[in-house]
Amino acid sequence: MSSLEIRLCRRIVEQHFGPIVERVCTVILRKGRSTLPLICRASEISPKKVRESLFVLIQHGIVTYFDTEEKNRIVTYYEAHVHKITVRDCFPLFIHTVRAQLGLQCETVYREVLRHGLLNLATLLGNKELGLSGDQLREAWSQLQEAKVIRICREEDTKTLEDVQMKELDDEINRQGGLPLTAAEKTKIKRGLNAKRDAMYDESAMTGSKRKVVKDFDEVANKMSRVDGDSEQSHSGDVDFYCASYERPQIYLKNDALAMFMERRVNKAAGDIMRNLLQLGTRSSRSCKDESSEPVSQITLASQLSKEVEAVVEGKAQHGLGDYLELLAHDEIGVVKKDSAGGGGQYSVAFAKAGDVLRARVIESVIQERLGDGARRVWRILYHKSKLTDAQVAKFALIPSKNARGHLFELLKIGLAFIQDVPKTADHSAARTYFLWYVSIPKSASVLVQDAYKTLCNIKERRLVEANARSILIEKTRRLDVISGESQLSEGELSRVAQWQKIVAQMNVCETRIAHFLMVFKDF
């Protein structure tokens with residue numbers, strides 16, 4: 001973990017939870033897995049406040065704990081996760097996505113889940129400030145469950161997956177006698193445990209609740225016969241705690257980005273077809289890291305396609321959808337692939353290739369803003385042609401060699417182009433060496449992510465400076481007499497408040513854009 005990541009995590013935790021929780025979280029981030037006495041000594045905070053801070057961090061999924069036995073006593077270790085902290089800057093994007101996909105009522109409920117970290121329906125129904133009736137809250141809650149935007153909290157959520165797997169492995173070894181095992185025997189046991197876990201429960205907890213695999217059809221019949229008896233226990237699940245699932249909003253955002261990309265590349269009809277193809281193919285997707293979406297037949301896609309989509313080719317709409325799908329499948333970028341010919345053709349989306357395409361598009365925009373159109377053209381040539389010499393780049397770009405060499409060194413300086421030397425002789429003489437230029441999406445992504453982290457830290461620190469400069473005015477606006485209208489602010493104070501609100505709005509927009517930028521490089 002770099003110092004820049006720790007610096008960013010400190011600012012995010014301080015902005016969301018305050019300075020005391022930030023100090024506790026910073027100690028865990030710097031020290032790694034730590035016990036309670038070690039956290040108290042390093043943070044110089046009382047054990048009571050440290051425990052309360054840990055409760056808050058565990059409730060929001062930032063910190064996990066694991067109990068282990070050491071010298072006949074139970075020791076609890078706490079560990080913080082950087083991704084759970086940095087993803088909090090994406091909450092405005094998630095909220096906007098939930099509102100666009102599910103409606104305003106679901107957005108209101110989703111905000112409450114994000115605000116509490118863990119929330120059950122009974123607590124939600126007791127909140128009268130939301131302005132929604134009980135039936136509306138239950139309906140919105142059910143929609144969020146069905147859309148897999150919220151999921152039930154399990155005991156394993158408070159522990160890291162590695163700790164759970166290590167405990168299961170130790171238990172299985174002890175059950176088999178506790179004898180020393182070879183590496184091959186341990187690998188065999190691990191595979192068996194993973195297969196058992198996947199068969200019994202959904203490991204990623206993408207569903208609203210745990211669902212055991214049904215292997216007996218009589219069980220289904222028994223469940224159907226108990227429908228009437230279950231009405232008395234319809235509200236028994238109100239006490240189950242749920243948390244927000246970050247994977248599903250990220251999938252929605254990635255689908256929108258791919259649809260917009262295809263709309264710019266081809267036309268609006270191609271973008272709409274891509275959006276429907278992703279919607280049908282990602283219903284059971286666990287995360288954006290999946291290799292590909294589920295295959296969707298042309299017949300299924302045609303039945304779900306809106307009538308407003310004009311899939312017309314040469315003035316004829318009879319075979320327009322098939323022609324569009326064939327066009328997308330034969331495109332050189334390789335995002336859409338044809339799996340089989342059944343049902344008019346089975347089509348899926350290659351997420352790995354789609355992520356590279358989106359990242360390349362973002363890198364192009366960065367180069368356009370920093371270095372101009374000439375450097376962008378040079379980068380695109382290297383991206384499509386792989387390794388070239390500077391003379392070859394100049395020939396493909398139709399520009400003088402001097403200009404091409406200047407653009408290449410500018411790209412090398414900011415970490416978006418790289419050079420490899422191929423010597424013709426063993427002495428590695430520069431006069432007898434080929435210098436090949438190339439681009440690498442992973443290397444460039446790591447450079448841009450670090451720059452984005454630095455920019456985001458600067459914005460958050462600037463927010464603190466602006467807030468400290470107006471601390472007296474901000475405290476005055478929060479007074480009860482000012483809020484109720486008993487006391488009034490002067491014209492100068494009102495103008496300063498408006499200026500402060502404008503600054504905060506601009507910073508929020510910048511943070512949200514950088515958060516989406518980071519999401520493209522890290523999660524897509």
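The values are calculated or read from the model by the stated rules, or taken from the named source; none is laboratory data. Because the structure is predicted, anything quoted here is derived from the model rather than measured. For neighbour counting, all protein chains shown are included, and Cβ atoms are generated from backbone atoms with ideal geometry for every residue, glycine included. Keep in mind that these areas ignore ligands, DNA and RNA; they rest on the heavy atoms of the full protein, side chains included. Shrake-Rupley method; radii C 1.70, N 1.55, O 1.52, S 1.80 Å.
A few notes on this one:
- Residues in segment 406-442 that are of a type in the set (Gly, Ala, Ser) and touching a residue at least 24 places away in the same chain (Cβ under 8 Å): GLY415, ALA417.
- Note on segment 414-425: residues that are surrounded by 16 or more Cβ atoms within 10 Å (Cβ to Cβ) and part of a strand (DSSP E or B) amount to 1.
- Among the residues of segment 384-404, the ones that are within 37 Å of the chain's Cα centre (by Cα) and more than 11 Å from TRP437 (Cβ to Cβ) come to 2 in all.
- Helices (runs of 4 or more DSSP H) wholly inside segment 15-122 that include at least 2 residues being out of contact with any Gly (no Cβ under 8 Å at 6 or more places or on another chain), open to solvent by 10 Å² or more (accessible area, probe 1.4 Å) and acidic (Asp, Glu): 104-116
- Some residue of segment 496-507 being open to solvent by less than 70 Å² (accessible area, probe 1.4 Å) and closer than 23 Å to ILE6 by Cβ: yes
Residue-wise test of (1) aliphatic (A, V, I, L, M); (2) closer than 16 Å to LEU382 by Cβ; (3) more than 19 Å from the chain's Cα centre (by Cα); (4) open to solvent by less than 20 Å² (accessible area, probe 1.4 Å).
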position: ALA430; (1), (2), (3), (4): yes, no, yes, no
position: LEU436; (1), (2), (3), (4): yes, yes, yes, no
position: PRO442; (1), (2), (3), (4): no, yes, no, no
position: ALA445; (1), (2), (3), (4): yes, yes, no, yes
position: LEU448; (1), (2), (3), (4): yes, no, no, yes
position: ASP451; (1), (2), (3), (4): no, no, no, no
position: ARG462; (1), (2), (3), (4): no, no, yes, no
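- If only residues of segment 227-245 that are among the hydroxyl-bearing types (Ser, Thr, Tyr) and crowded, with 21+ Cβ neighbours inside 10 Å are counted, the one that is modelled with the highest pLDDT is TYR242.
- Number of positions in segment 169-186 that are at pLDDT 70 or above and either touching a Ser or Thr at 6+ places or on another chain (Cβ under 8 Å) or open to solvent by 60 Å² or more (accessible area, probe 1.4 Å) (or both): 11
- Top-ranked residue of segment 269-297 - restricted to ones that are modelled with pLDDT of 85 or more and open to solvent by 40 Å² or more (accessible area, probe 1.4 Å), ranked as farthest from TYR324 (Cα to Cα): GLU294
- Test for GLU364: is it modelled with pLDDT of 90 or more and closer than 30 Å to LYS268 by Cα: yes
Yes or no, residue by residue, for (1) at pLDDT below 90; (2) among the charged types (D, E, K, R); (3) open to solvent by less than 90 Å² (accessible area, probe 1.4 Å); (4) within 25 Å of PHE91 (Cα to Cα):
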| site | (1), (2), (3), (4) |
| --- | --- |
| LYS476 | yes, yes, yes, no |
| VAL482 | yes, no, yes, no |
| GLN488 | yes, no, no, no |
| GLU491 | yes, yes, no, no |
| VAL509 | no, no, yes, yes |
| ARG513 | no, yes, no, yes |
| HIS516 | no, no, yes, yes |
| ASP523 | yes, yes, yes, yes |
